[in-house]
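The values are calculated or read from the model by the stated rules, or taken from the named source; none is laboratory data. Predicted model, so just to flag it, every value in this text is computed and none were measured. Here the Cβ positions follow ideal geometry from the backbone for every residue, glycine too, while neighbour counts run over all protein chains shown.
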Amino acid sequence: MGVKERGTGGGKKRKRKGDHPLPKQHEQMKKLAGTNGSIDLELLDCTICMNPLRPPIFQCAVGHVICASCHDSLPNKDNCHTCKTTGGYNRCVALEKILESFCVPCSNAEYGCAAKMRYHEVEKHGKSCLHAPCSCPETGCGFTGSTVKLLAHLTGDHKWRSKEIKYNVKFTLQVQEGIRVLHSRDGVPLFLVKFTLSPPLGNVAFFLCVDPHATAKRKFKCHLGSSCLATGRQQSLDFQVRSTTLSDGLPPMEDGDCSLFPSSTSSISVSIMEIEQKHFRQSLLPYVPYVAAR
Ligand SMILES: [Zn+2]
Ligand SMILES: [Zn+2]
Ligand SMILES: [Zn+2]
Ligand SMILES: [Zn+2]
């Protein structure tokens, strides 16, 4: 763990009242100064909200540390929230300095992320880390990895067909039973399209976005067009593509994820575009299943 030693006192040891100098922080500093650099990271969490501490940090006379936000919202700042000691809270500059100099690896280090960051930045980084894992949806396969590695796995180990796409640019997909992987040049995120051919009822195209940050900021919509060779009838549909990490395998189809079109359709035109955040709540066109003309 990237721990830079700066010495624990820096020549400016602060004398405290009483003989109980911050037992918890003292323990933290001893661990930090150790040669293996290990530390119980929970010790760096606010004792009230349990979120990672970031400067400014406040402590009671005994050494219970809290974050600035909790300090601000305490109705009574004269007594420690934990031990009720009087005297209020003061800044804990020593721990602030440690936190500023202490770097931890990304929680996705095992998936190839080499980023290191301050402890309180871990969560923010994790929400957009390109190495965050998704799962292989093949039954019995336990592969997990970044979308780039998952793409290589799906096409290499499972021989899934893939296609590189550009956002907002129309492309054609041949209608063939099975799953195709669509990916942009950077491979983040992936899209799966599963065709299910059920003549004479029609063919279904089911779209999913494979995104390790499935609940986060990026959302996509799909514009899909088809024309029936037999009747010449054209159909187009816009829908938001559901995002998943595939941690529970391939989810079942839902109305709104898929489009039904006539069995005689041999190809569909597709374009995928990112939805601007300000439009997240705007409803897309309702799903209208195609009913084959008789
Ligand atoms: Zn807090
Ligand atoms: Zn206390
Ligand atoms: Zn990372
Ligand atoms: Zn697999």
Restricted to the range 162-187 and to residues being part of a strand (DSSP E or B) and of a type in the set (Ser, Thr, Tyr), the residue farthest from ligand 1 (Cβ to nearest atom) is 172
For the range 251-275, give me each residue that is crowded, with 17+ Cβ neighbours inside 10 Å and closer than 16 Å to residue 180 by Cα.
257, 258, 259, 268, 270, 271, 272
Of all residues in the range 132-161, which are outside any loop (DSSP other than H, G, I, E, B) and surrounded by 15 or more Cβ atoms within 10 Å (Cβ to Cβ)?
134, 135, 144, 145, 147, 148, 149, 150, 151, 153, 154
The range 189-243 - residue that is β-branched (Val, Ile, Thr) and farther than 17 Å from residue 256 by Cβ and, of those, surrounded by the fewest Cβ atoms within 10 Å (Cβ to Cβ):
215
Go through the residues of the range 26-41 one by one and say whether even a single one is modelled with pLDDT of 90 or more and either of a type outside the set (S, T, N, Q) or within 16 Å of ligand 2 (Cβ to nearest atom) (or both).
no
Within the range 76-107, how many residues are surrounded by fewer than 20 Cβ atoms within 10 Å (Cβ to Cβ) and within 15 Å of residue 49 (Cβ to Cβ)?
2
Of all residues making up the range 61-79, the number that are in a strand (DSSP E or B) and within 14 Å of ligand 2 (Cβ to nearest atom):
3
Collect the residues in the range 80-131 that are part of a loop (DSSP other than H, G, I, E, B), of a type outside the set (Gly, Ala, Ser), in contact (Cβ under 8 Å) with a residue 12 or more places away in the chain and over 27 Å from residue 152 (Cβ atoms), keeping them in residue-number order.
80, 81, 82, 83, 85, 89, 92
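Condition check ((1) within 16 Å of ligand 1 (Cβ to nearest atom); (2) among the small types (Gly, Ala, Ser); (3) in contact with a helix residue (DSSP H, G or I) (Cβ under 7 Å, 6 or more places away or on another chain); (4) not assigned by TED's automatic domain parsing to the domain that holds residue 41) across all residues:
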site	(1), (2), (3), (4)
111	no, no, no, yes
126	no, yes, no, yes
131	no, no, yes, yes
142	no, yes, no, yes
145	no, yes, yes, yes
153	no, no, no, yes
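Can you confirm whether residue 278 is basic (Lys, Arg), touching a helix residue (DSSP H, G or I) at 6+ places or on another chain (Cβ under 8 Å) and at pLDDT below 90?
Criteria not met by residue 278.
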Taking the range 125-145 and keeping residues small (Gly, Ala, Ser) and under 11 Å from the mean Cα position of the chain (by Cα) leaves 126, 128, 132
Against the conditions (1) more than 16 Å from ligand 1 (Cβ to nearest atom); (2) farther than 30 Å from residue 133 by Cβ; (3) at pLDDT 90 or above; (4) exposed (fewer than 14 other Cβ atoms within 10 Å of the Cβ), where does residue 61 fall short? Just the number, please.
(4)
